[in-house]
């Protein structure tokens, strides 16, 4: 709490206005209506903001100094002043020069798409690694700007300070200082990554298959994760609700245990530096034995969103041979005729399951599909373990492959029904 906010006072709300520049050359790639809706949803994901208005601004080409033409700038200034707007969110890239000029012309703070996403990342990150990744991305972004900090949002939530505010530490207006901070954070991050690698190595010694949930942000991944695990992971109708991967063990109907990983949602036009900064967050996807690509099938841009996810997976280097199931989620939001058509279409395609994570419809067939891809042909074997083999014996029971056990003088004989992969992993213990 800052000195400006006395105890018991209500958090101050910032009135924001969302602008989506509709650039002619981009129109075929990205429809303006859904893009504006997504930008408004992004703004709504940040606490302390009230969206006072939103509009599409047609642009033949961006103006170098001001982005918009002088007539449009004057027209927008009138609306922003009348609505008492303090923050304008521009859904696209804004150069440092454009940002300074627009702030001077409108007397408001400007955040472009990257800056807004950084704010959301800072608000959502929970683990030490996630926080460091946000700091690194924020400093790299701010290094080219070095604009005077403004808003109260930071002190309201105790964040990083790359937007800043009175009473908060300001990012130094010196690039050398920022470079030193970046070097320090990278050093800290390398230590965190080493710790994570140790944890991953330890998990490989008890090697369950990894099933990674991926998808466009707000596709329902966390709701599906909760449905499958019973975990109380944040699941809101909010973009970027999950940033740090959450992992839980799940037992499939055959008894095979898998590790389910919930990951950050993807989004169109995510700047390259942000994808790189969060690469470690998505590393569980790179090691996954199976990927569940969760889609909001009720969204009008569902196919375009799916293409964005596929493109980012390819950029991350996800192996083509990694099995994937496309999960068409939120069928409960469709009218009966549309739902029947979607379910019929899913049934005609291999590797597609239509579900509602909210109601549970279609979950059993989805689990059967997961089992079919991970639970290979089993063979029955007899193993003799001596009394000192407690760890390997516990591993077999944890895998759910023991059908019977007969004690004898120097240990016991176990009847196991396992896959070739489980046998190989057992031999490596």
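The values are calculated or read from the model by the stated rules, or taken from the named source; none is laboratory data. Since the model is a prediction, treat every value here as computed from it, not as a measurement. Note that we place each Cβ from the backbone using ideal geometry, even for glycine, and neighbour counts take in every protein chain shown.
Side notes on the structure shown:
- Any chance residue 83 is surrounded by fewer than 20 Cβ atoms within 10 Å (Cβ to Cβ), touching a residue at least 60 places away in the same chain (Cβ under 8 Å) and over 18 Å from residue 22 (Cβ atoms): yes
- Residues in segment 100-130 that are at pLDDT below 85 and either over 17 Å from residue 43 (Cβ atoms) or not in a helix (DSSP H, G or I) (or both): 125, 126, 127, 128, 129, 130.
- Answer residue from segment 323-338, given it is under 26 Å from residue 289 (Cβ atoms) and free of Cβ contacts under 8 Å to residues at least 60 places away in the same chain and is surrounded by the most Cβ atoms within 10 Å (Cβ to Cβ) among those: 328
- Where residue 207 falls short, out of the listed (1) at pLDDT 70 or above; (2) outside any helix (DSSP H, G or I); (3) more than 20 Å from the chain's Cα centre (by Cα): (1)
- When residue 392 is tested against (1) touching a helix residue (DSSP H, G or I) at 6+ places or on another chain (Cβ under 8 Å); (2) in contact (Cβ under 8 Å) with a residue 40 or more places away in the chain, only condition (2) is not met.
- Test for residue 398: is it surrounded by fewer than 17 Cβ atoms within 10 Å (Cβ to Cβ), within 34 Å of the chain's Cα centre (by Cα), outside the structural domain of residue 294 (by TED's automatic domain parsing) and in contact (Cβ under 8 Å) with a residue 12 or more places away in the chain: yes
- Candidates 234, 270, 243 - the one that is buried (at least 21 other Cβ atoms within 10 Å of the Cβ), out of contact with any strand residue (DSSP E or B) (no Cβ under 8 Å at 6 or more places or on another chain), modelled with pLDDT under 85 and not in a helix (DSSP H, G or I): 243
- Leading residue by the ranking (surrounded by the fewest Cβ atoms within 10 Å (Cβ to Cβ)) among those in segment 412-425 that are modelled with pLDDT of 80 or more and in contact with a helix residue (DSSP H, G or I) (Cβ under 9 Å, 6 or more places away or on another chain): 412
- Selection within segment 401-418 - farther than 19 Å from residue 428 by Cβ, touching a strand residue (DSSP E or B) at 6+ places or on another chain (Cβ under 8 Å) and outside any strand (DSSP E or B): 410
- Among residues that are modelled with pLDDT of 90 or more, closer than 20 Å to residue 251 by Cβ and crowded, with 17+ Cβ neighbours inside 10 Å, residue 370 is included.
- Subset tally (residues that are surrounded by 21 or more Cβ atoms within 10 Å (Cβ to Cβ) and farther than 21 Å from residue 48 by Cα) for segment 100-128: 1
- Flag for residue 351 being in the same structural domain as residue 253 (by TED's automatic domain parsing), within 20 Å of residue 211 (Cα to Cα) and in contact with a strand residue (DSSP E or B) (Cβ under 8 Å, 6 or more places away or on another chain): yes
- Any hit, segment 53-62, residues being touching a helix residue (DSSP H, G or I) at 6+ places or on another chain (Cβ under 8 Å) and closer than 21 Å to residue 118 by Cα: yes
- In segment 68-82 there is at least one residue matching the filter, namely being part of a loop (DSSP other than H, G, I, E, B) and out of contact with any helix residue (DSSP H, G or I) (no Cβ under 9 Å at 6 or more places or on another chain).
- On the stretch given as segment 373-385, residues that are at pLDDT below 90 and assigned to a strand (DSSP E or B) total 4.
- Test set (1) in contact with a helix residue (DSSP H, G or I) (Cβ under 6 Å, 6 or more places away or on another chain); (2) farther than 25 Å from residue 145 by Cβ; (3) in contact (Cβ under 8 Å) with a residue 40 or more places away in the chain - residue 92 fails condition number: (2)
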